[in-house]
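Written out below as C-alpha cells is the structure these notes cover.
The values are calculated or read from the model by the stated rules, or taken from the named source; none is laboratory data. What you see is a predicted model; the values in this text were computed from it and never measured. With ideal geometry, Cβ positions are generated from the backbone for all residues, glycine too; neighbour counts draw on all protein chains shown.
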Amino acid sequence: MVEADFSTQINHQAPLEPEVTVAYMEGEGEDAQLVVVGRSINIHLHMANLQEALGYENVRYEEAFSGGNFGQKLAMTSETISGAAALHFRRPVRYIPSLTESMMMTSKRHSFAMKVKLACGADGRLTAFAMDFIIDKGAYQVIGMTIVKRVLWMLSGAYNIPNVDALARAVYTNNPPGGAARGAGPPQTTFALESAMDMLAEKIGMDPLEFRRINSLLPGQSVSTGMVYDQWPFPELCDAIRPTYERAKREAAPFKEGCIRRGVGLGAHAFGIGSPTDVGRVAIEIDPDDGMTIFAAVADPGEGNDSMLTQIASHLSGIPMEKIRLVTRDTDHTTGMGPAAASRMTYMAGGSLVLAVEQLKQAMKQAGADTYEGLKKAGKPVRYIGSKTAEGKEAILDPETGQGPSFETRVFAIQMAEVEVNTDTGDVHVIRVTTAVDPGTVINPRNLEGQLHGGMDQGVGYALREEYIHGQTKDWFTFKFPTMKTAFDMDVIIRQTPRVKGPLGATGVGEMTMVCTAPAVINAIYDACGVRIYDLPATPEKIKATLAARK
C-alpha cells in the first residue's frame, strides 16, 4: 500500500478575450425587448438568469462569436451589468472589463486537498483505493456540488478497483468562486490517483505501463459507482503507446546522472461524457432550395461544433455542406440545448441531430420525394425535432452504498510525457507529450488533433507554472500560462472504437485532452531525478528545494 497527501492550486481558465457584453432595448414601451449580446456557452440558461436577476421577462440573448472558453463562460459575468444599465437608461450599453477586473470577477478552477491510499496484492492487482478530499469552493456555490458528483463518478479512472472509499467535502472560503474549468474535477483527482499508481508500481517492482494495463477495467465489469460498461478499450491504448514508451525509456536511460536528467512518465483516465441525465434537442428544416437549416443552441467557442453539426447533417442527408445553414446563437430562434461543456456537444447535440435527420429521411421515404416541394405536396412536415436522452434516471448516488448511475459513454486516453530536469535550478523542460486516445468514430480528424494539442499544452501549464493567487495574479505577466517559448513536440495515436450509442459512433474529446497531462509530467520528473511533487504546480523553486532536502 502507498499513502500520500496531494494538493492542487486555484487555476484560471485564461481565455484571452475579455468578458465584453452589449445590451440594448428593441422596440418601445412595455413590449420592448432587452437584447443582450455576450459570450455564453449556455444562452438559454443565461437568458433565464437575466430574467430572474433583472425582474424583466422579455429578454433575448445572442451569443457573439467567441474565442476561447475552457469553462469560464458557463457563468455570467458582465451581462447583468450591461443589461441592468440598458434596462434602466433605455440606451445601448457596452461593458468592457479591464484584465485585472476580469481576473477578479470570473470563476476559477477549484483547488483540492486530497489524502490518498492505494493498495494492491502480490500479483499487482489493485485491491483498494481511498480518497478523502476537500474542495475549495470559493465564496459562492456556482457548480461546487456538480464538481463533487463528477469526481465521484470518475474517481477510479480507467481501473478495476474492487473496494473504493471516498469522502468529499466542498467548503466555502474567501477565495474567488470555483466554477467550470476544462475537465471540471477529474484533473485534480487524476493527478493524485495517477501519482499513486506510479508510487505503488515502484513499490512492487512493476513497470508503470504494465501496472496500468493489468489493472484496466474490462467490458462487463462495473466502475466504482456500480455502472457496467460494455465497451472499455483502455488495454488496447496501453498496447498502442507501448512502442513509443519503450523508445522514450531507452533514450532517457543515459541521462540519469549529472545536471540535466531525463525522465518518462504516464497518466491515464476514462472520462465521462455529459451527465447521467443529459438531454439534447435539435430542430432541422428543409429549405425551399432543398438545403437544410439546423436550429440548436450549440455554442462554439473554438470547439468545432459548427463544423460537427454541418458534417453530420451533410453525411446523413446527402445535402452538400455548403447548403447546410446554422441558427445556433439566438434564444429567440432556438430551444435549450444545455451548455457547451462536459465534452457533450458532439455526443448530445450530434446525437439529437441524427434522430432529427432520421425522421426527415423516413418522411421522404413515405412521400417518395427528397425535395422541399415533394414533401409539401405529400403533406409532410419540413421541420423535424430530434431529442437524445441519456440513460440515467437521476444523477444521485445512494448515500449509503455510493452506487448509482454514471455516464452513458466515456472517452479513453493514456498520455506519456518526456522531460528534462535541471537539478541545479529545478527547471523542467518538456521534450514531448504523446497521447493515445480512443474517442470513438472521428468526425473531424484535424479538429480532434487540434483539441489534443491544445489540451496537452494546457495540461503542461497546469502541471508546471499556472496558479491564481488572489490579490497577486492580475494580468498575463503574473499568471504564467504556456507561451511559444515553452512549446514542445506533440504526438497523437488515435484508435477508433465506435460507441454503440454515439452519433455515427462518436463521443467527445475536448476535456480528456488535459486530464492526464499533469500526472504524466509529475511522474516524468520523478523518473528523471527521484523527486516527487505532491503539490501543484511543480515550480522550479519547489523542485530545487525538494532536491536540496533529499541531499
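Taken over segment 448-503, the residue count meeting the criterion of being part of a loop (DSSP other than H, G, I, E, B) and farther than 24 Å from K108 by Cβ is 10. When M292, M345, M308, M321 are screened for being in contact with a helix residue (DSSP H, G or I) (Cβ under 7 Å, 6 or more places away or on another chain), surrounded by 18 or more Cβ atoms within 10 Å (Cβ to Cβ) and over 18 Å from Q451 (Cα atoms), only M292 passes. Does A549 meet the test of being outside any strand (DSSP E or B) and in contact with a Gly (Cβ under 7 Å, 6 or more places away or on another chain)? No, not satisfied. Among the residues of this structure, Q51 does not count as one that is over 28 Å from P187 (Cα atoms) and touching a Gly at 6+ places or on another chain (Cβ under 7 Å). Going by what's in this entry, would T146 be described as assigned to a strand (DSSP E or B) and either modelled with pLDDT of 95 or more or more than 23 Å from Y534 (Cα to Cα) (or both)? For T146, the condition - assigned to a strand (DSSP E or B) and either modelled with pLDDT of 95 or more or more than 23 Å from Y534 (Cα to Cα) (or both) - is not met. Scanning segment 504-515 for residues that are more than 11 Å from D438 (Cα to Cα) and either of a type in the set (K, R) or in a loop (DSSP other than H, G, I, E, B) (or both) turns up G510, E511. Only residues that are touching a Leu at 6+ places or on another chain (Cβ under 9 Å), assigned to a strand (DSSP E or B) and not β-branched (V, I, T) were counted in segment 388-430, giving 5. Out of the residues in segment 371-399 that are of a type in the set (V, I, T) and in contact with a strand residue (DSSP E or B) (Cβ under 6 Å, 6 or more places away or on another chain), state the one that is modelled with the lowest pLDDT. It comes out as T389. Whenever a residue of segment 355-370 is within 19 Å of D289 (Cβ to Cβ) and at pLDDT 95 or above, its partners that are among the hydrophobic types (A, V, I, L, M, F, W, C) and assigned to a helix (DSSP H, G or I), lying with C-beta atoms within less than 7 angstrom and at least six residues away or across chains, give the pairs V357/A313; V357/L316; A363/L375; M364/L375. Set side by side, the residues T441, T486, T435, T478 differ, and just one is modelled with pLDDT under 95 and touching a strand residue (DSSP E or B) at 6+ places or on another chain (Cβ under 8 Å), which is T486. When residues in segment 127-159 are screened for being surrounded by 19 or more Cβ atoms within 10 Å (Cβ to Cβ) and either in contact with a Leu (Cβ under 7 Å, 6 or more places away or on another chain) or more than 20 Å from V223 (Cβ to Cβ) (or both), 13 of them pass. Scanning segment 171-207 for residues that are surrounded by fewer than 24 Cβ atoms within 10 Å (Cβ to Cβ), touching a helix residue (DSSP H, G or I) at 6+ places or on another chain (Cβ under 9 Å) and either assigned by TED's automatic domain parsing to the domain that holds G71 or of a type in the set (S, T, Y) (or both) yields a single hit, Y172. Kindly indicate which of G379, G386 is more than 23 Å from F70 (Cα to Cα) and surrounded by fewer than 16 Cβ atoms within 10 Å (Cβ to Cβ). None of the others qualify; the one that does is G379.
Assessment of segment 344-352 against the conditions (more than 25 Å from P439 (Cα to Cα), among the hydroxyl-bearing types (S, T, Y) and not assigned by TED's automatic domain parsing to the domain that holds A181) yields no matching residue.
For segment 489-535, filtering for residues that are surrounded by fewer than 20 Cβ atoms within 10 Å (Cβ to Cβ), of a type outside the set (V, I, T), in contact with a strand residue (DSSP E or B) (Cβ under 7 Å, 6 or more places away or on another chain) and over 25 Å from I260 (Cα atoms) leaves 4.
One line per residue, one yes/no per condition, for (1) under 30 Å from Q72 (Cα atoms); (2) touching a residue at least 24 places away in the same chain (Cβ under 8 Å):
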site: A166; (1), (2): yes, yes
site: N174; (1), (2): yes, yes
site: M197; (1), (2): no, yes
site: E202; (1), (2): no, no
site: M206; (1), (2): no, yes
site: I214; (1), (2): no, yes
site: L217; (1), (2): no, yes
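Test D230 against the criterion of being assigned to a loop (DSSP other than H, G, I, E, B) and among the acidic types (D, E), and give yes or no. The answer is yes for D230. Among the residues examined, M76 does not qualify as in contact with a Lys or Arg (Cβ under 8 Å, 6 or more places away or on another chain), in contact (Cβ under 8 Å) with a residue 12 or more places away in the chain and not β-branched (V, I, T).
Residues checked against (1) assigned by TED's automatic domain parsing to the domain that holds Y140; (2) among the acidic types (D, E):
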| position | (1), (2) |
| --- | --- |
| T8 | yes, no |
| M25 | no, no |
| V37 | no, no |
| N42 | no, no |
| E62 | no, yes |
| S66 | no, no |
| A75 | no, no |
| G83 | no, no |
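When you scan segment 248-258, do you find a residue that is surrounded by fewer than 16 Cβ atoms within 10 Å (Cβ to Cβ), under 17 Å from A158 (Cα atoms) and without any contact (Cβ under 8 Å) to a residue 40 or more places away in the chain, even just one? No, segment 248-258 has no match at all. Number of residues in segment 71-107 that are among the charged types (D, E, K, R) and assigned to a helix (DSSP H, G or I): the value is 3.
Looking only at segment 38-81, filter to residues that are among the charged types (D, E, K, R) and under 26 Å from the mean Cα position of the chain (by Cα); which one of those is farthest from I147 (Cα to Cα)? Across segment 38-81, the extreme among qualifying residues is E62.
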